[in-house]
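Following: one structure in structure tokens, then a few remarks.
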Amino acid sequence: MKNTIIKQIEIPKSKEEAATAIITQIKNLIDVAEPEDLEKLQKSLEPKVVSPHERELAKKILGKDYVEPNPSRLLELQLANLQRYYQRRRELLAQSITSSKAAELLGCENRSTVRDRRIAKKILGLKDKGVYKYPLWQFDPEGDDGLIDGLTEVLAALDVSDFTKLNWLCKPHLAFEGKTPIEMLKQGEIEAVALEAKAVGVAQ
């Protein structure tokens, strides 16, 4: 089940149509944004840290209108951000199996074969609570080596952390008209997905 945050915003009637269009666009961008992009945006919106000298000067200028900054607010934002990431991680790994089960599915003699394939970036696994978990969506009995076709090429193209790989593969993208990279791979669009994967994590 997808977790969402709903905020009610009061919009003057004279601005309702334009404001609604803007809010819808922002929502769409948030839906497809990578966590690290949202974090960068959050940091850019955080208040500037002022020096003691600047604070004293502000007190002199503003007088009784001066309000002390609330440092706990930043901590609350950071904590909320972390909680959101951990919740996303739990959602992404909810339908996953251990190395032993993966080896059994793929017909491997032992789980070390699965480990070797993970290290070689031919299968995606994330360490969770001391053991590696392998998302079920990547397995396909009709695909090459028992995985969905094109996955190996895409994993090799993704030069980011394993969590970012998993998150990227499972999120709808504007480049794919709202489809996830996984859906595109299952439709045979390997080249298109691999091309987009190369750009993930590249500094703009």
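Assorted remarks:
- Among residues of segment 165-181 that are among the small types (Gly, Ala, Ser), those with a beta-carbon under 8 Å from a residue that is crowded, with 17+ Cβ neighbours inside 10 Å at least six positions away or on a different chain give the pairs Ala175/Glu196.
- Output for segment 72-104, where each listed residue is within 20 Å of Lys165 (Cβ to Cβ) and either among the acidic types (Asp, Glu) or open to solvent by 100 Å² or more (accessible area, probe 1.4 Å) (or both): Arg84, Tyr86, Arg90, Glu91, Gln95
- Residues that are free of Cβ contacts under 8 Å to residues at least 24 places away in the same chain and under 19 Å from Leu185 (Cβ atoms), drawn from segment 141-162: Pro141, Glu142, Gly143, Asp144
- The condition of being within 30 Å of Ala194 (Cβ to Cβ), open to solvent by 60 Å² or more (accessible area, probe 1.4 Å), out of contact with any strand residue (DSSP E or B) (no Cβ under 8 Å at 6 or more places or on another chain) and at pLDDT 75 or above holds for only one of Lys40, Lys27, Lys121, that being Lys121.
- If only residues of segment 153-172 that are surrounded by 19 or more Cβ atoms within 10 Å (Cβ to Cβ) and not in a loop (DSSP other than H, G, I, E, B) are counted, the one that is nearest to the chain's Cα centre (by Cα) is Asn167.
The values are calculated or read from the model by the stated rules, or taken from the named source; none is laboratory data. Just so it is clear, the model here is predicted, and its values are computed rather than measured. So basically every Cβ, Gly included, is an ideal-geometry build from the backbone, and we count neighbours across all protein chains shown. Remember, those area values only see protein heavy atoms, side chains included, never the ligands or the DNA or RNA. Shrake-Rupley method; radii C 1.70, N 1.55, O 1.52, S 1.80 Å.
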